[in-house]
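See below for the structure under consideration.
The values are calculated or read from the model by the stated rules, or taken from the named source; none is laboratory data. Just so it is clear, the structure is predicted and the values come from calculations on it, not from any experiment. With ideal geometry, Cβ positions are generated from the backbone for all residues, glycine too; neighbour counts draw on all protein chains shown. Only protein heavy atoms, including side chains, enter the accessible area calculation; ligands, DNA and RNA are left aside. Shrake-Rupley method; radii C 1.70, N 1.55, O 1.52, S 1.80 Å.
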Amino acid sequence: QVRLVESGGGLVQPGGSLRLSCAASGGFFPIYVMGWYRQAPGKQRELVATITRGASTNYADSVKGRFTISRDNAKRTVYLQMNSLKFEDTAVYYCNAQFQLEDYWGQGTQVTVSS
């Protein structure tokens, strides 16, 4: 069983930056594909970015060039650096860990972009 705890969300002005962190406990962290997803009010949850055990990354088109996902296997943590934030980035951001049939989610952290 893997437990994921996100942190780093908050209120930021348009154009600002935030860094989200997701700390994992349990399981063998390096094998998991780690991801960040988000859900805005009234919308479905959507992929933001993923990173494999080999550090290959994948991004939603809406965040390419602005967001960077990274992982530190020694710290069992995955990060999401968010720059040039826009109003439409406002959402609850969820951390995800996947390996074969295993699929774990964090509780989410709120990111609000507002002037």
Conditions first: (1) in a strand (DSSP E or B); (2) within 19 Å of residue 9 (Cα to Cα); (3) open to solvent by 20 Å² or more (accessible area, probe 1.4 Å). Residue 69 passes all but one, so which condition is the exception? (3)
Inspect all residues belonging to the range 72-84 and state whether any of them is farther than 22 Å from residue 25 by Cα, at pLDDT 95 or above and surrounded by 14 or more Cβ atoms within 10 Å (Cβ to Cβ). yes
Every residue in the range 72-97 that is more than 13 Å from the chain's Cα centre (by Cα) and in a strand (DSSP E or B), please. 72
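Within the bounds of the range 65-75, is there any residue that is touching a Cys at 6+ places or on another chain (Cβ under 8 Å) and in contact (Cβ under 8 Å) with a residue 24 or more places away in the chain?
If we filter the range 65-75 for residues that are touching a Cys at 6+ places or on another chain (Cβ under 8 Å), which is where we start, we get none.
No; the residues of the range 65-75 include none that is touching a Cys at 6+ places or on another chain (Cβ under 8 Å) and in contact (Cβ under 8 Å) with a residue 24 or more places away in the chain.
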Among what's in the range 86-105 and is in contact with a Leu (Cβ under 9 Å, 6 or more places away or on another chain) and open to solvent by 10 Å² or more (accessible area, probe 1.4 Å), pick the residue that is farthest from residue 36 (Cα to Cα). 104
